[in-house]
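Please read the structure below before turning to the comments.
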Amino acid sequence: MSVWAALQVMTLVLIVVGAALAVRLKDLLAAVIALAAASLLLSLAFYLLQAPDVAIAEAGIGAALTTAIYVLAIRKTHRKEEE
Amino acid sequence: MIAELSFGVAAAVMVGFMVVSVLRLAIGPTAADRAVAMDTINTLVVTTMVLLGAAFGQVVLVDVAIVYALLSFISTLYIARYLEKGAR
Amino acid sequence: MIGNLPFVACMILIGLGLWTLLSRRNLIKLAIGITLIEKGVNLFLVTLGYVEQGVAPIYTYTQPGVTMVLPTPQALTLTSIVIGMATTALMLAFAVVIYRHRGTLDARKIRELKG
Amino acid sequence: MKWVRVGALLLVVGFLIGAAAWMRPFGRPPLAEMDGYFIQHAQAEAGANNVVTSVVFDYRGFDTLGEAAVLFCAVVGVALLLRKVAK
Amino acid sequence: MSLGTHLPILAIAVPLLGAFALPIFAKVHKRLRDMWAAAVGAFTCAMVIALAVQVLSTGVVVYTLGATSPAQTVAPGGFPIRITLTVDGMSAFMGLISALVGLASLIYAFQFLKEDQGKPLAMTLFFLLWAGMLGMEYTGDMFNFFVFLEITSIAACALIGYRTWESRPAEAAFKTMALYTVGGLLVLLAVAILYGQYGALNIAYLSSKIGGSQLDKIALGLLLGGLLMKAGAVPAHMWAPDAYGEAPAQAAMVLVANTQASLYGLWRVLFTLFGGVLAAPAVGWLVVSLGTLTLLVAVLMAVLQRDLGRLIAYGAVSQIGYMLLGVGLVALASRPDFGLVAMQGGIFHMMNDAATVGLLMLAAGVVRRAAGTKDLTALGGLGHDLKWTGGFFFLGALALAGIPPFNGFASKLLIYESSFRLSPLLTAVAVLGSILLLAVFARAFQGVFLGPKMREAEPAPVGMLVAMGILAAVILAMGLAPGFFVEHLVTPAARALWEGRDLYLAAVLGG
């Protein structure tokens, strides 16, 4: 297994972990932070797959802008997920 | 060849650091801890990108890292603003 | 070398998103679930276009004769990322409007429309 | 009711992972005529060094127009939803 | 090069341009905005009709975007690399439906929407929705189809949430948005799987390559799931009554046309994209049983409704069941002798449904505007003031239930006839559904319009009556001369799906 493949697998695992955290966490702000982290790692995965344009778009739109929208929505609503 | 391999191994170590950061993201009791963990991941991703750009020997990929570094702080900024001002 | 693991990871992301949609009741959580499905599909598209030992399809500074990864899926993904952002923005705007009226984000408590 | 949901979800996810297993092996995409054409001719035809850019803005420019329309739609929709209404 | 060669792209680009420019004109003056909207609407309709005439007289029209000449569809080597718009008989027919509905909705909107409630934004979204529908119907490229699908989803959901001063529309819109987005993403996943197999996105080229492997079946399943979710067939119909009931009347009507555009996508996938390998009757059985189930569930739910909007909405969902039943019969066996009749019935019913349900929804909009509520228990005696509206509602109700002199009967007869050949049970269910619908709508008519006068109601303005009059005229024309419409419009469309796959492929790929 080459270094590249190891990096690839680790990044994918981290993405899935981040996504699972985004689902599991009850604090919505924390969930959004986990989602942003997953998005950043996704950007790294795109980079590893030789897609630099998509990596930039994902970092700019998927991570930054989407997180900003989520935070704005949480600010206008409620932070905790009720059970 | 050796240089490329060493750059690759360095990148792998960076990804190992990311694992630790994700751990903090998972357990971090407050949202501030998690925000810092995310920002650390952010920095580590930029580092990894630069190292891999060197490993692949492609200048274009280093440009990606620069643009990424310019863009990705926005989310941290928004979260920090929220944490400082509170709900309103 | 790593088999079809990347594809499986995409499908796990999509499955996680679907599970969120089915099991969670918070409107923002539902939006997060949809974002996760989107990310899974985007990763799937880019993964489809990867060629072993390929380089990014940019001609600046590349030696002639190298294999390049396929450009079309990357172009499609660029479009789909923007579409996903637009969808998320609109869904969160709906959530905000619902919260203004009902004061809660819990889908079980807001269900006025039945049957 | 909950178990019906879980069962349906497991079915769909199994279906999808089956799809992933049946896909062509990772890293060996099909003999893509369209992409081969793009890689060979894009630099000369569209005049851009970045093939992805030439695909986005030239060969599949209509999709990009649609993407702009989607963005416009979202902006108008959010403006419609968060507007001040007289009533 | 004349205007005639550019008809397909103009029909999509003009409403898009109209949408982009409308907010600017609205800032200048109200009259300018209305004139612009009317001009764009009229021009779009003219384009669509001219295109339909061209397609029906000369065959499939192909337009390549960005090539040196629109006719140059394939690169040297025989594979398409650019996005093509491919308009065959079915696409042209669907375009006519969209144009009819869009025109009526636009005329209605001028006086229905109030100035201080965000009228320019709603009109902008309407134009985007219209452009998206036409794009879905005319495009010949799978990814482009997805992009237009998303345009219609977003515009439609924003329109559903138009009444922000109430809480229910936003809720309906959120629900609809979630289901639409998941449906759209399933479609995108299927497109990705097909791309991963064949490295192409063009419908005709993919159709010539698809061999029916396991992955193709998975992609077909995903496409079926996504598009049925968007069309509002039964397992995923929860959004439809909410959305139709809560959207403003003129938007609810366009939403019906939008579900039909998704159904068109489904037919395109079943008969053109997978037309070469679709021998398995399982898909046909699935579509037929979903159609029957949709029909039954929706009609039974309609009986229970107390809200006029939701009652009509369930009526609209039940009509989707008839369409699925009609066209599903064709997919059942490879080439049954009743196939063409069933196809004609299903396709003719799409046009009828657009006109009748649209008319009913517009009438319900007038009722709500006049009485301030759509609750059946609180309504009554409106017929004294709303004579025309009551008449239109009555006409629409009869046509929807399939009473002989009207158009619903013509198309339902074709469906009954062909389904009887397969199983009399299906026919019995379909007839039962119609009878129940008649009962439901008779009760609704009686409850809303008849009885003693309860309140002063403001009669509908002329523009809204004109919009309803257009639809009523279409209903009457199709009811009185069904043979003419079936022969000149429906049969070419049905043939385009039933046996026109080779022509479609040849028009794009050449040879």
Exercise. Once the Cα gyration tensor of segment E:309-399 is diagonalised, what are the square roots of 5 times its eigenvalues, in whole Å and ordered largest first, as equivalent ellipsoid semi-axes?
Worked result: 35, 12, 8
Problem set entry | Diffusion constant of segment E:110-206 at 20 °C, which comes from Stokes-Einstein with the Kirkwood Cα-pair radius and 1.002 mPa s, µm²/s | 144
For this session: Over the whole of E:142-149, what's the average partner chain Cβ count within 10 Å per residue? Rounded to a whole number, please.
Result: 5
Exercise. Which loop chymotrypsin sites (Phe, Trp or Tyr not before Pro) in segment C:16-115, with loop taken from DSSP, have no more than 16 other Cβ atoms within 10 angstrom of their Cβ?
Worked result: C:Tyr59, C:Tyr61
For this session: Could you pull the Rg and Dmax for segment D:1-71, using just the Cα atoms, both in Å?
Result: 19.5, 59
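Please report the net charge: other residues with Cβ closer than 14 Å to the Cβ of E:Met253, K and R +1, D and E -1.
Neighbourhood net charge equals -1.
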Problem set entry | Alpha-carbon Debye profile of segment C:44-115, log10 I(q)/I(0) at 0.12, 0.19, 0.23 Å⁻¹ | -0.57, -0.83, -1.00
Problem set entry | Paramagnetic label zone (point 7 Å from Cα along Cα-to-C-beta, D:Glu45; backbone N under 17 Å) in segment E:59-93 | E:63-85
Seminar exercise, completed: Two pseudo-spin positions, 7 Å from Cα along C-beta at E:Trp285 and at B:Leu83, lie apart in nanometres by 5.9
Problem set entry | Given charges at Cβ of Lys, Arg, Asp, Glu: chain C dipole, positive-most of C:Leu105, C:Leu30, C:Leu92 | C:Leu105
Exercise. Can you pull the three principal axis extents for the Cα set of chain B, in Å, largest first?
Worked result: 54, 26, 10
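What's the average, rounded to a whole number, of partner chain beta-carbon atoms within 10 Å of each residue's beta-carbon in E:157-163?
That works out to 5 on average.
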Exercise. Leaving out same-chain residues fewer than 8 places away, which lysines sit with a Cα under 23 Å from that of D:Lys2?
Worked result: A:Lys26, C:Lys29, C:Lys109, C:Lys114, E:Lys175
Seminar exercise, completed: Largest-first semi-axes in Å of the equivalent ellipsoid built from the Cα gyration tensor of segment A:5-62 are 21, 14, 5
For this session: With a probe of 1.4 Å, find how much accessible area segment E:460-511 has per residue, and write the answer as a whole number in Å².
Result: 42
Problem set entry | Distance between modelled label sites at E:Arg306 and E:Leu56, nm, 7 Å Cα→Cβ extension | 4.7
Exercise. Considering every residue in E:123-136, what mean count of other chain Cβ atoms within 10 Å of its Cβ is obtained?
Worked result: 2
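Can you give the helix-only mean residue ellipticity at 222 nm for chain E, where every DSSP H stretch with n ≥ 4 adds -39500 (n - 2.57) and the sum goes over all residues, rounded to the nearest 500 deg cm²/dmol? Before the final figure, lay out the partial values.
Numbers: 20 runs with 376 residues, N = 511.
The per-residue figure over chain E is -25000 deg cm²/dmol.
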Exercise. In debye, nearest 20: dipole of segment E:455-511 around its Cα centre with unit charges on the Cβ of K, R (+) and D, E (-)?
Worked result: 80
Exercise. What value, in deg cm²/dmol to 500, does the helix sum -39500 (n - 2.57) over DSSP H runs of n ≥ 4 give at 222 nm once divided by the residues of chain B?
Worked result: -30500 deg cm²/dmol
Problem set entry | Using θ = phi - 60° and Karplus 6.51 cos²θ - 1.76 cosθ + 1.60, couplings along segment E:369-384 (whole Hz; Gly, Pro as x) | 5, 6, 9, x, 8, 10, 6, 5, 6, 9, 9, x, x, 6, x, 5
Seminar exercise, completed: Note on segment C:1-66: the mean projected area of its alpha-carbon convex hull, in nm², is 6.0
Problem set entry | In sequence order, calculated HN-Hα J values of segment A:66-74 (Karplus, 6.51, -1.76, 1.60; Hz; x Gly/Pro) | 4, 4, 4, 5, 4, 5, 4, 5, 5
Exercise. Which whole-Hz couplings ³J(HN,Hα) result when phi for each residue of segment A:12-21 is put into the Karplus expression 6.51 cos²θ - 1.76 cosθ + 1.60, θ = phi - 60°, listed in order with x for Gly and Pro?
Worked result: 4, 4, 5, 4, 5, 4, x, 5, 5, 4
Exercise. Rg (Å, one decimal) plus Dmax (Å, integer) for the alpha carbons of the protein assembly as shown?
Worked result: 26.9, 94
For this session: Count charges around E:Leu263 for me, please; just the other residues with Cβ under 12 Å from its Cβ, Lys/Arg as +1, Asp/Glu as -1.
Result: 0
Exercise. Rg (Å, one decimal) plus Dmax (Å, integer) for the alpha carbons of chain E?
Worked result: 21.7, 75
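Over segment E:1-156, what portion of Cα pair distances is larger than 19 Å, expressed as a whole percent?
Summing the P(r) tail past 19 Å for segment E:1-156 gives 54 percent.
The values are calculated or read from the model by the stated rules, or taken from the named source; none is laboratory data. Everything numeric in this text was worked out from a predicted model, so none of it was measured. Reconstructed Cβ throughout: ideal geometry from the backbone, glycine too, with neighbour counts over all protein chains shown. Accessible surface is based on the protein model in full, side chains and every heavy atom, while ligands, DNA and RNA are left aside. Shrake-Rupley method; radii C 1.70, N 1.55, O 1.52, S 1.80 Å.
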